[in-house]
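Undergrad: One structure, as structure tokens, below. Some questions next.
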Amino acid sequence: MTQSTPTLPPAHTPTPTFHPYQRIPRGRRLALFLPLLILTLALTAILQAVNAPLKTAAASQGIVSYEFGGTTAGAERILASWNGQAREHAGFSLGLDFLYMPSYAVTIGLACAWVAESLRRRARWLGTAGVILAWGLIVAALLDATENVALTTMLFGAPAEPWPIIAFGCATVKFLLIACGLLYAVLGGVLALLPGSDS
């Protein structure tokens, strides 16, 4: 009696790795990505404009300086440097940020997942890194929301512990994840287009 030998997949076949956008057909991802990219860029421009009146001697980077105040005294100095109109701008910025969060998280995360599916054919670790970052952008948005709660509490109340350090910690990790995601999406996208990558 002859036993059949089980067929093994080729050695180069990548092991599928689940990312948040796995269930979206590849052919439909561009239709989702482009509107989100436009929305994210538009919101970025609006937030930059809203942030302009928030730049003072105590807050050279406007709302970003407020995010990284880090201490009660630091937050107090920044808030004291803002007049009533500036505080209104800060409140509007924090509110609009709740729309910005899912927009940038999905835009960058989808780009990372998209690139990861191509790069894992070159090296499994490159694909895994992109998948981790795709999930990481969701974490960044959740940290952003937590940060905004802390900042809003101080804006409409008074700076008090633990809000400044919560905002600082969330902002630090959030920006790190966003920077890594953008770097991976851009450099990984270029690498995926080079010969030897099956996209």
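Undergrad: Could you give the angle, 0 to 90 degrees to the nearest 10, between helix 26-51's Cα long axis and the longest principal axis of the Cα atoms of the chain?
TA: So the helix axis and the longest Cα principal axis differ by about 20 degrees.
Undergrad: Helix 124-156 versus the longest principal axis of the chain: what is the Cα-based angle in degrees, 0 to 90, to the nearest 10?
TA: Once rounded, one gets 20 degrees.
Undergrad: If you don't mind, there's one more thing I want to ask. How far apart, in nanometres, would the label points at W135 and L193 be if each is projected 7 angstrom from Cα along the Cα-to-Cβ direction?
TA: Label-label distance for W135 and L193, simple model: 3.0 nm.
Undergrad: If I histogram all Cα-Cα distances within the range 51-189 using bins 10 Å wide from 0, what percent of pairs lands in each bin?
TA: Binned Cα distances yield the sequence 13, 37, 26, 16, 6, 1.
Undergrad: Net charge near L36, counting Lys/Arg +1 and Asp/Glu -1 over other residues with Cβ under 13 Å of its Cβ?
TA: Spelling it out: positives minus negatives among the neighbours equals +2.
Undergrad: Turning to a different aspect of this structure: Enter the angle in degrees (range 0 to 90, nearest 10) between the Cα long axis of helix 84-119 and the first principal axis of the Cα atoms of the chain, meaning the one along which they spread out most.
TA: Rounded to the nearest ten degrees, it is 10.
Computed from the coordinates by the stated procedures, all read-outs in this text should not be read as laboratory data. Computed from a prediction, not measured in an experiment: that's the story for all the values here. Cβ: placed from backbone, ideal geometry, glycine included. Neighbour counts: every protein chain shown.
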